[in-house]
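The values are calculated or read from the model by the stated rules, or taken from the named source; none is laboratory data. Bear in mind that the values here come from a model prediction, so they are computed numbers and not experimental data. A quick note on method: Cβ atoms are made from the backbone with ideal geometry, for glycine too, and the neighbour counts reach across all protein chains shown. Side chains are part of the model used for accessible areas, which takes the heavy atoms of the whole protein and leaves out ligands, DNA and RNA. Shrake-Rupley method; radii C 1.70, N 1.55, O 1.52, S 1.80 Å.
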Amino acid sequence: MTGRLDGAGGDGAGGPGSGGLPRVVAHRGSSALRAEHTLSAYRLALDQGADGLECDVRLTFDGHLVCIHDRTVDRTSDGTGVVSEMTMREFDELDFAQGIGDPARVLELSTLIELTLDHDRPVKLFIETKHPVRFGGLVEERVLQMLGRYGLASPPSATHARAVVMSFSPTAVWRVRRAAPLLPTVLLGDAAGYLGGSASTTVGATAVGPSIRRLRANPEIVDRAAAAGRATYCWTVDEPDDVALCRELGVGWIATNTPGRTRRLLES
């Protein structure tokens with residue numbers, strides 16, 4: 001099996017980072033302190049020492065990849081509308097700051113990639129494609145095209161990959177694995193087939209992505225994944241007890257809304 005989810009620094013660890021600690025992924029940026037999926041949230045996460053940045057991506061009506069979780073813009077902006085039915089011109093009229101700080105326009109995936117690559121230390125970008133969507137597999141196709149534009153779609157090895165593609169959709173993960181076999185992938189979700197690794201094996205995922213709720217109920221997931229040569233990416237880990245659990249179990253990557261605090265908890 002190629003394409004493990006290895007260390008951000010290319011150390012080949014295939015799991016926990018320096019000192020055996022899980023690596024910290026900023027979930028939608030430092031989203032407990034800044035509006036999610038905004039440039040401000042991601043810049044703060046980098047300042048707080050995040051090892052990875054996580055984002056959700058969707059396609060606009062005119063084919064732009066934007067970082068937004070919901071099907072609509074209603075919750076995260078001062079406007080309304082379905083993402084797949086809106087153009088970038090319409091997005092440019094919206095404020096995504098949610099009343100926190102200066103106005104913020106929607107963040108395009110290309111901007112987040114550039115922020116990641118320009119940082120003064122190696123950071124992984126975790127890109128989640130959302131499904132079901134009206135564009136189907138075109139989302140993964142455009143993501144891989146974008147990664148290719150920046151030289152990220154075909155890393156020399158998984159160890160040196162700077163990007164990871166994730167989805168709750170097994171079909172989406174399989175599309176990515178077929179098109180970019182060295183690119184690390186995470187199959188997200190709490191399905192029962194997950195515990196034995198059957199779903200991730202079928203689609204060729206290189207890591208499993210349980211929620212913290214699932215991990216609490218089934219801590220053996222980590223060892224089973226490791227036995228199958230897969231890393232574990234757990235979301236969304238904010239509570240001190242959950243951070244401690246992930247450290248104890250040897251989870252490789254933990255997604256958190258509070259990357260600064262989570263790092264301090266891990267290192268304490």
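Below, the figures for the structure above:
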quantity	calculated
Coil-residue GluC sites (Glu not before Pro) of the stretch 178-268, DSSP, other Cβ within 10 Å capped at 14	220
222 nm mean residue ellipticity, helices alone, for the chain (DSSP H n ≥ 4; -39,500 (n - 2.57); rounded to 500)	-8500 deg cm²/dmol
Relative contact order (%) - criterion: Cα under 8 Å, at least six apart; region: the stretch 11-123	22 percent
Amide H partners (placed H, <5 Å) of residue 64, local residues excluded	none
Cα-based shape type of the stretch 41-178, given that a ≥ b ≥ c are square roots of the gyration tensor eigenvalues and the cut on a/c is 1.5	oblate
Radius of gyration and Dmax over the Cα atoms of the stretch 167-268, both given in Å	13.6, 41
Residue-span extension gain [residue 149 to residue 100] - 0.36 nm each, minus C-alpha spacing	14.4 nm
Heavy-atom surface of the chain, accessible at 1.4 Å and reported per residue (Å²)	41 Å²
Portion, in percent, of the accessible area of the chain that falls on carbon or sulfur, probe 1.4 Å	49 percent
Largest to smallest accessible area among 114, 85 [probe 1.4 Å]	85, 114
Kirkwood-based Rg to Rh ratio, the stretch 83-124, C-alpha trace	1.08
Sequence of 239, 140 when ordered by accessible area, the most exposed leading, probe 1.4 angstrom	239, 140
Residue-by-residue Karplus 3J(HN,Hα) for the stretch 65-82, coefficients 6.51, -1.76, 1.60, Hz, glycine and proline x	8, 10, 8, 7, 7, 7, 5, 10, 9, 4, 6, 9, 9, 8, x, 9, x, 8
For the stretch 78-158: span of alpha carbons on each principal axis (Å, largest first)	43, 34, 19
Highest to lowest packing among 64-71, 35-42, scored as the average C-beta count within 10 Å	35-42, 64-71
Accessible-area order (highest first, 1.4 angstrom probe) of the listed residues 253, 235	235, 253
Relative contact order of the stretch 66-179, pairs being alpha-carbon contacts under 8 Å that are 6 or more residues apart, as %	20 percent
HN-Hα J in Hz across the stretch 231-237 - Karplus 6.51, -1.76, 1.60, θ = phi - 60°, x for Gly and Pro	7, 10, 10, 10, 10, 9, 9
For the chain: Kirkwood Rh in Å [reciprocal of mean 1/r, alpha carbons]	18.3 Å
Per residue Cα convex hull volume in Å³ - calculated over the stretch 203-258	73 Å³
